[in-house]
Amino acid sequence: MATDSGDAPQAGSASVFLSYARSDLDRTRSVIGLLESAGFDVWWDGRLEGGENYLATTETALESADCVVVLWSQTSVASSWVRDEAQRGRERGCLVPLSLDGTMAPLGFRQFQLLDISGWQGAPDAPEADRIIAAVRTKTGAPAAASVAPATQSQTPALPAARSGLALSRRTLMIGGAGLAGGAALLGVWQSGLLRGARAGDPISMVVLPFADLTGDIDKAWFSNGLSNELRSVLVRNPRLKVSAPTSSSAIAGEDEFAIGRKLGVNHILRGSVQRDSERMRVSAELVEVDGGLVRWAESYDRAVKDVFALQSEIAETVAGSLVAKIASSEEVRTSIAAQQDVGGTTNIVAYEAFLRGHALYDLSSGTETDRAALAQFDAAIAEDPDYAAAHAMRSTMLAAIANNAASDGMESRKLFAEAIAAAERSLALEQRLARGHLALGFARNNGQLKRGAAMPHYEAAERLAPGDADVLRAASSFHAYGEDQALAAKMMARVLELDPLNARAYRSAGYNALFARDYASVIKHMERGLELNPSLASAQFGIAIGRLMQGDAAGALAAAKAEQGRAYSLTASAIAAHRLGDTAAADTALAALEAEYGDSRYQRAQVHAQRGEVDEAMALLGRALNALDPGVLWAPNDPLLDPLRGEPVFADLLLRLSS
């Protein structure tokens with residue numbers, strides 16, 4: 001037996017890798033002692049020495065062991081570490097699962113017969129001890145000792161590959177980072193019938209869930225989250241896949257992965273975990289069917305961090321191949337995988353990590369401070385790789401966001417929007433196929449210059465390049481809702497809600513689209529759904545207030561206005577609702593506060609004056625807003641609050657100026 005604690009199992013005796021949860025250590029020691037006394041060389045993490053590379057040492061032990069014994073318990077079934085190690089044992093066909101406390105194995109591992117040792121007190125002569133040793137001997141091929149009785153409960157073999165899905169490992173599919181180099185192997189899998197079974201008309205739906213960070217450092221979670229986000233951004237480009245967005249909301253807080261999948265209405269889940277140190281990473285990924293928990297494909301990878309780009313391609317291509325091949329010909333499989341080729345990326349790991357950190361800050365979306373911090377990261381990515389098109393596109397996105405928040409300073413806002421346009425143009429000069437670059441340029445042209453005609457081709461290009469990306473479709477739908485094509489906006493938003501049904505912001509966008517279409521019942525319905533998902537959703541109560549005003553319910557509108565957390569929105573709706581209710585003092589107080597606290601609220605004050613019938617005041621404010629390039633005036637063509645102005649020639653002239 002080995003004496004150096006960090007060594008991998010030595011030759012000459014059957015080796016066992018033991019996977020367990022740290023809280024189960026006391027019970028685990030009894031299993032370790034039993035197996036060692038039976039002559040097995042047992043590796044467990046207690047043999048690691050200080051200063052060792054834990055990833056490399058653990059991986060070596062796991063890969064070289066003759067048998068992987070996993071100790072399931074109420075704690076360990078929730079451990080990504082234990083699941084990953086058990087997954088590798090399953091893939092290698094040497095898994096022996098034991099239950100310490102009667103807990104069932106998690107989904108994906110129930111095709112193996114489980115030895116329940118919850119009643120075992122650790123005695124080496126107990127029946128449970130005999131069964132443990134017999135099961136391990138069966139897997140390792142070690143000769144049985146004369147004193148050990150034959151096992152009365154042995155491991156059942158894994159299900160055939162066609163049923164278990166284990167034939168879909170990367171070793172079978174042979175799809176690597178070289179793109180379509182694995183097409184021949186994939187063709188063989190397709191021809192074998194292992195991936196058949198779905199009808200040609202069935203949707204191939206999936207969600208990429210955030211990968212678990214097992215590094216132990218919460219400040220490094222951006223890497224695991226970023227990896228899963230990048231995988232999703234690749235998979236959404238596959239025309240044969242319907243990839244839902246894994247939106248974080250209170251609706252899924254505390255839910256298990258399968259419940260999330262059912263709420264999203266998808267058939268498959270891609271989940272995984274990431275461990276990394278400064279040089280190496282260990283990524284485990286698993287494609288699972290929501291109905292029944294069947295594992296269609298699973299794999300663990302131990303790679304250098306710098307190889308993350310090839311790894312992303314490998315995982316995305318394998319997942320897409322295993323799904324698309326269920327309903328399509330081999331040629332269609334190859335075509336769909338070619339369509340999801342990454343665009344606008346980098347091969348510089350330092351630039352990539354800065355990009356992921358920036359995207360994590362962008363996702364926080366908690367104000368100007370995080371927007372500027374995200375911008376700094378995208379700038380760092382570009383400094384490392386000046387040709388990183390995606391980083392230029394996100395730089396443009398952040399500059400535009402900061403410009404919107406700086407609207408009260410017209411000169412600063414125009415400067416920032418000009419920089420945003422330059423950054424978006426640079427991204428497209430590097431990669432014309434980058435949907436995010438077109439989206440950024442369209443937004444900056446529309447919101448920063450009020451040039452709807454110049455923005456239109458870029459929104460259309462983004463939609464064409466990423467027809468399955470909910471974020472792209474939501475932005476394009478909102479753009480169309482500002483114009484005349486309400487039917488197109490509604491059609492696109494319906495697709496958004498199908499792909500992203502748990503996103504509060506999607507329902508808010510749907511609500512405002514409905515407002516511009518004068519469908520006030522839908523405004524209220526969508527905004528209320530958004531608030532169910534996120535009770536602090538900004539401007540949702542404002543949308544409800546306008547909807548109720550237009551329905552003639554001024555009291556209900558005032559209640560919604562007071563519930564609105566955005567102060568400027570609350571004051572605007574309160575001023576209008578109070579005026580409708582005949583409370584002139586309250587209406588004047590709210591309007592005065594809006595002007596005093598938000599000097600740049602030209603458009604919002606114009607809405608209030610229009611509703612009060614004060615045409616001259618409203619038009620003066622709208623003219624100033626247009627001259628200042630205030631993006632609020634983008635509402636003017638379809639804003640019901642400005643309906644009292646629509647018969648005025650001066651208002652028609654303003655709309656003509658806006659459309660030019």
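The values are calculated or read from the model by the stated rules, or taken from the named source; none is laboratory data. Here the structure is a predicted model, which means the values were calculated and not measured. Note that each Cβ is placed from the backbone with ideal geometry, even for glycine, and that neighbours are counted across all protein chains shown. For accessibility, only protein heavy atoms count, side chains too; no ligands or nucleic acids. Shrake-Rupley method; radii C 1.70, N 1.55, O 1.52, S 1.80 Å.
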| Considering only residues of segment 11-44 that are modelled with pLDDT under 90 and surrounded by fewer than 17 Cβ atoms within 10 Å (Cβ to Cβ), which is farthest from ARG303 (Cα to Cα)? | ASP26
| message | Checking the condition under 19 Å from SER233 (Cα atoms), over 23 Å from the mean Cα position of the chain (by Cα) and buried (at least 17 other Cβ atoms within 10 Å of the Cβ), which residue from ALA420, ALA424 passes? | response | ALA424
| field | Set GLU484, GLU498: member being more than 28 Å from ARG567 (Cβ to Cβ), acidic (Asp, Glu) and within 22 Å of the chain's Cα centre (by Cα) | value | GLU498
| request: Run ALA134 past the list (1) over 38 Å from the mean Cα position of the chain (by Cα); (2) outside any helix (DSSP H, G or I); (3) not polar (S, T, N, Q) and report the number of the one that doesn't hold. | output: (2)
| said: Between a residue in segment 550-565 that is without any contact (Cβ under 8 Å) to a residue 40 or more places away in the chain and any residue that is open to solvent by 60 Å² or more (accessible area, probe 1.4 Å) and small (Gly, Ala, Ser), which pairs come within a Cβ distance under 7 Å, given they are 6 or more apart or on different chains? | reply: GLN565/SER536
| request: Among residues belonging to segment 317-339 that are of a type outside the set (D, E, K, R) and surrounded by fewer than 24 Cβ atoms within 10 Å (Cβ to Cβ), point out the one that is modelled with the highest pLDDT. | output: THR335
| Here are some conditions: (1) buried (at least 18 other Cβ atoms within 10 Å of the Cβ); (2) part of a helix (DSSP H, G or I). ALA620 meets all but one. Which one does it not meet? | (1)
| remark: TYR603 vs (1) within 37 Å of the chain's Cα centre (by Cα); (2) surrounded by fewer than 15 Cβ atoms within 10 Å (Cβ to Cβ); (3) not aliphatic (A, V, I, L, M): all pass except (2)
| Restricting attention to segment 239-262, and to residues there that are at pLDDT 85 or above and among the charged types (D, E, K, R), which single residue is least open to solvent (accessible area, probe 1.4 Å)? | LYS242
| field | Conditions (1) modelled with pLDDT under 95; (2) within 25 Å of THR347 (Cα to Cα); (3) more than 21 Å from the chain's Cα centre (by Cα); (4) of a type in the set (D, E, K, R): number failed by ASP379 | value | (1)
| Here are some residues: VAL266, VAL283. Which one is on the phi < 0 side of the Ramachandran plot and not in a strand (DSSP E or B)? | VAL266
| Among residues of segment 60-96, those that are assigned to a helix (DSSP H, G or I), more than 22 Å from ARG27 (Cα to Cα) and more than 28 Å from the chain's Cα centre (by Cα), counted | 4
| request: Name, by its number, the condition in (1) out of contact with any Phe, Trp or Tyr (no Cβ under 6 Å at 6 or more places or on another chain); (2) closer than 30 Å to ASP485 by Cα that does not hold for LEU645. | output: (1)
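Does LYS306 count as of a type outside the set (Val, Ile, Thr), open to solvent by 10 Å² or more (accessible area, probe 1.4 Å), at pLDDT 80 or above and out of contact with any His (no Cβ under 9 Å at 6 or more places or on another chain)? Walk me through it before giving the result.
Numbers: of a type outside the set (Val, Ile, Thr): yes; open to solvent by 10 Å² or more (accessible area, probe 1.4 Å): yes; at pLDDT 80 or above: yes; out of contact with any His (no Cβ under 9 Å at 6 or more places or on another chain): yes.
Taking the combined requirement at face value, the residue satisfies it.
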| task | State all residues of segment 386-411 that are modelled with pLDDT of 95 or more and either open to solvent by 50 Å² or more (accessible area, probe 1.4 Å) or farther than 21 Å from GLY442 by Cα (or both); if no residue qualifies, say none. | result | PRO386, ASP387, ARG395
| task | Name every residue in segment 439-469 that is over 23 Å from ARG657 (Cβ atoms) and surrounded by 24 or more Cβ atoms within 10 Å (Cβ to Cβ), in order of residue number. | result | LEU439, ALA440, ALA462, ASP469
| request: Determine which member of the set LEU473, LEU434 is among the hydrophobic types (A, V, I, L, M, F, W, C), over 25 Å from ASP639 (Cα atoms) and open to solvent by less than 30 Å² (accessible area, probe 1.4 Å). | output: LEU434
| remark: Here the qualifying pairs (Cβ atoms under 6 Å; residues six or more apart or on different chains; first in segment 580-605 and on the phi < 0 side of the Ramachandran plot; second open to solvent by less than 70 Å² (accessible area, probe 1.4 Å) and outside any helix (DSSP H, G or I)) come out as LEU594/SER601; ASP600/ALA407; ARG602/ASP630; TYR603/ASP630
| Looking at ALA78, is it open to solvent by less than 50 Å² (accessible area, probe 1.4 Å) and either among the acidic types (Asp, Glu) or modelled with pLDDT under 90 (or both)? | no
| said: Take the conditions open to solvent by 50 Å² or more (accessible area, probe 1.4 Å), touching a Leu at 6+ places or on another chain (Cβ under 8 Å) and modelled with pLDDT of 85 or more and apply them to PRO124. Does it pass? | reply: yes
